[in-house]
Each structure stands twice: as structure tokens, then as C-alpha cells.
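Since the structure comes first, as C-alpha cells, the remarks are kept for the end.
The values are calculated or read from the model by the stated rules, or taken from the named source; none is laboratory data. No experiment lies behind these values; they were computed from the predicted model shown. Ideal geometry is used to build each Cβ from the backbone, glycine not excepted, and the neighbour counts take in all protein chains shown.
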Amino acid sequence: MGQNPLEPGTAGAADAQAFEIRVAGMVPQQVLLQLADVETSSRETRTVLICRCRDQAELHGLLARLRTFGLEVVEVRRLITGTADERPTGGEA
């Protein structure tokens, strides 16, 4: 869908962190169209969304949007994108 949020040329990439959000079940196509700049990878029982968020508030806003669509978020991970100052974190946000 559009640009790869992990590519350096993506708008806001310099100050944004990449996150992987695992959602239970399949995300309907009409919902995916409303989630701009989010990559997806679907499996039978879950959908993986990869996005970039500038801060915790933006991440929590995205999580709230997913809940308004009735989606169950089961895991959130911050991804390492190659910069030395980013540290991996695990667990849910």
C-alpha cells in the first residue's frame, strides 16, 4: 500500500520509529484503505501491520483507531530500523 514505511525516503522517517502491530483475524480491505502508510501481511489467524509513529501519542492514536474498527490488537513491537540510537523493546504498548 503506497510507500514502504521502513524506507528512508518516507515522509517523517527521520524522526519516526517503526512498529509491528499484530491483530487477531483478517483486517477488511475497506479498513486497510483507511490506514494510510501502513504495510500489511496477512495470515489465516492474524494480520501484521507495520507503521511508523513519531511518538507514543501517535502510536496510541493508531491503536485507538484499530479498536474503533473492532479489531483486537494482540501484540505491539518496536522494530529496529538500523540506527544506532534505537533500542529494541518487547511486549505490548
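Just one of the listed residues (Ala36, Ala57, Ala11, Ala18) is of a type in the set (A, V, I, L, M), exposed (fewer than 12 other Cβ atoms within 10 Å of the Cβ) and at pLDDT 85 or above, and it is Ala57. Taken together, the residues in the stretch 39-53 that are surrounded by 12 or more Cβ atoms within 10 Å (Cβ to Cβ) and either of a type in the set (Gly, Ala, Ser) or more than 11 Å from the chain's Cα centre (by Cα) (or both) amount to 2.
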